[in-house]
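Just below is one structure, and these are the notes that go with it.
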Amino acid sequence: MSRRKSPTPATIDLLWALSAGHCELCGSDVTNALASGKRGKYGQVAHIEAYSPGGARYNASQSEKERNSLDNLMLLCPTCHALVDNNAPDFGVEFLRDRKRFFEASVKAAVSAIGPTRSDVLTLGMRIGGKDFQIAEKDWKRAMVDAGVNVGDTQSFDAARDVPEGCGPETLCSLRRRIEKYRELVHGDGSRRTSVFAIAPQPVLIGLGAMLADDGNVDVYQKRRDTEGWSWASDGTPNSFSFEMLSSGESEDCAIVVSVSGPIGRETYSGAVPSSVETVYELRASRTGPTAIFLRDDWYEFKRAAIAALFKIHEGHPGVRRLHVLPAMPVSACVAFGMAWNERLIPELVIYEKRDSVFSRVLTIGGPNGYGE
C-alpha cells in the first residue's frame, strides 16, 4: 500500500494566506482558541474531493497531484470540517468550491479596501517674494507614506516647468497647458488619485484648483511651518469656518473676504475694490494663523465651507456676474477655494493679492476670455 501524501508546505501556507486564517465556511478565526485565548494554528486543511476512497465526495478520476492541489483544499475549523464530511450530500463539490472562491475573493477585496491608496503626484513650486520654491521628492514621498499612500509605482509631474513666474494671464494659460499635459502623459484614465504639493502665489493656486475641480480624486497637502514637512498632523483640535454678510447691495459684483491665514481689515481692500461692489461677505476660520489648516480634516472642512459659501452667494444674488476674492489663505486652502468655484453659478472670479499691506487686483478667472487682468 502506497503511503498517503500530504499537500506541500508551500500549498498549505498559501491556503492560510488566501483565507486570512479564517474558516472558509463559517468565517471563524482559526488562529485563536476561544477556550484558552491562545494564538496558534487551529484550522484544518480539508479536501473538497476526498483524498481516500470512501471519503466524502471522493473522485476516482483525480490524480494525487490534483487531490492535493490548492483548488481542492479549504481551510476549515474543526466543527465545519466534521460537518461537511459527515453530511456530504448537503455539501456538494460545486457548493464548496463556490464558497471557497467567494471567501478568498472577499478576503482579497477587504485587504485591498484598507490597503495603500495609489496616486500620482502633481508638484508646483514657483517663485514668491523673490524666493524660488522646489518640492523635493523625499518630502512628498514621506508625506504620502504617512498618509497611507503606496509610492512604489507613483509617477510625478512637475507642473511648474516652463511656466513663467508671476500670476497674470500668461502664467495661468501656461499652467493650464501643463495640467493638460499631466492628464495626457500621466493621469490619462483618471483611475488613480492625484496628490498635489504646491507653493505659488495665491492667485495661481486658486487657478490651479479651478483646473482640478472636475477631478473628484484629488488630495492636497499643506507645507507645515513647525516641521517644514508636508505630512498632515496626526492629532489636534479641528478648525471650523463661519460665513457672514458684511454689507449688502444689488449690483452684479460681489466680494468675499477669506480670512484663514489671518484677519483682513477693510482698510486693506477698500481702495482696490470698485465702488460698484456693494455686497461683501466674509469666510472666516475660527483658528487663524500657521495652524489654520493643520489636519487633513481642516482642509476638507474648509473646502465644504467654501462650496457652501459660494452657493449662498449665488442663491442670495442670482444675477451675480463677478465675485471679487480677497484671500488670506494657506496654499492648500487656495487650491480648495478654486476647486469649490462653479463657473455656472458665478461666471467670473476677480482675484486680488496683498502687496505692501494693501490688496490690488491681479487676475480674472472665467468669463469670455478664460484669464485676464
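Cβ-Cβ distance below 8 Å, separation of 6 or more or different chains: which pairs start in the range 158-172 with a residue that is assigned by TED's automatic domain parsing to the domain that holds residue 203 and end on one that is basic (Lys, Arg) and at pLDDT below 95?
Partner pairs satisfying both residue conditions: 165/127.
For the range 313-343, give me each residue that is of a type in the set (Gly, Ala, Ser) and assigned to a helix (DSSP H, G or I).
Those that are of a type in the set (Gly, Ala, Ser) and assigned to a helix (DSSP H, G or I): 316, 332, 333, 336, 338, 340.
Of all residues being outside any loop (DSSP other than H, G, I, E, B) and surrounded by 18 or more Cβ atoms within 10 Å (Cβ to Cβ) in the range 143-155, which is modelled with the lowest pLDDT? Just the residue, please.
149
Give me the residue from the range 177-213 that is outside any helix (DSSP H, G or I) and free of Cβ contacts under 8 Å to residues at least 60 places away in the same chain and, out of that set, farthest from residue 373 (Cα to Cα).
Per the criteria, the residue is 191.
Considering 110, 17, 50, which residue is at pLDDT 90 or above, surrounded by 11 or more Cβ atoms within 10 Å (Cβ to Cβ), within 30 Å of residue 149 (Cβ to Cβ) and out of contact with any Ser or Thr (no Cβ under 8 Å at 6 or more places or on another chain)?
Of 110, 17, 50, the one residue that is at pLDDT 90 or above, surrounded by 11 or more Cβ atoms within 10 Å (Cβ to Cβ), within 30 Å of residue 149 (Cβ to Cβ) and out of contact with any Ser or Thr (no Cβ under 8 Å at 6 or more places or on another chain) is 17.
So is residue 177 among the charged types (D, E, K, R), surrounded by 16 or more Cβ atoms within 10 Å (Cβ to Cβ) and at negative phi or not?
no
Filtering the range 265-310 down to residues that are of a type in the set (Phe, Trp, Tyr) and in contact (Cβ under 8 Å) with a residue 24 or more places away in the chain, which residue is farthest from residue 236 (Cα to Cα)?
269
Filter the range 44-102 down to the residues that are in a helix (DSSP H, G or I) and acidic (Asp, Glu), then identify the one that is nearest to the chain's Cα centre (by Cα).
98
The values are calculated or read from the model by the stated rules, or taken from the named source; none is laboratory data. Please read all numbers here as calculations on a predicted model, not as lab measurements. Reconstructed Cβ throughout: ideal geometry from the backbone, glycine too, with neighbour counts over all protein chains shown.
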